[in-house]
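Everything below concerns the one structure shown next.
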Amino acid sequence: MNRLISLPRVKTLGCLWSEKRLLVEECRGPHSSGEGIYYRPLGGTVAFGERSDDALKREFLEEIGERVEIVSYIGCLENIFTIQSEMGHEVIQLYDVRFVKESNYLRDRFRVHEGEKQAWAKWIGISEFIEGKAILYPEKLTSLLERGARWNKN
């Protein structure tokens, strides 16, 4: 029997590209496919009364200390998942974004600060996710990006 973690949460995630590589946070631990390393674009929870695009800009500044601009709205993903018998539900606003400071594209990785948790964000080739060599969450994101997000046009 699945337990409910919480009510659905509104999240916002940013797809930030350098050629055919996506900037993603490397996470470790349990996930809906098991346990281990998985990746997720940067972003976070939209606060009550906050627009999702403003929340995304705030999250990038809080997490890696860098400003981003919205390039375009990609769409909305609904992510219903189970991790260790606990159900989660996210409604995700997904944006294509770019760094304000061009020199950030030359960096290999970025330190991610989220409260007590610290991790790294790094560039991973989209082919790693498409070929199943790396796990990208939310689950539907890989197929959405494969069908024609910005990386496909570079």
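Throughout, read-outs are computed from the coordinates displayed, never taken from laboratory work. These numbers were taken from a predicted model, which means no experiment stands behind them. We place every Cβ from the backbone using ideal geometry, glycine too, and count neighbours over all the protein chains shown.
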| message | Under a crude label model (7 Å from the Cα following the beta-carbon direction), how far is Tyr105 from Gln118 in nanometres? | response | 2.9
| field | 5 angstrom amide H check on Leu136, placed H, neighbours 5+ away | value | Tyr39
| said: Show me, bin by bin at 10 Å from 0, the whole-percent P(r) of the range 30-140 based on Cα pairs. | reply: 12, 40, 41, 7, 0
| note | Cβ-Cβ cut-off under 12 Å around Ile92, Lys and Arg +1, Asp and Glu -1: the net charge is +1
| query | On full extension of the chain, what length is gained from Glu26 through Arg51, given 0.36 nm per residue of separation minus the C-alpha to C-alpha distance? | reply | 6.4 nm
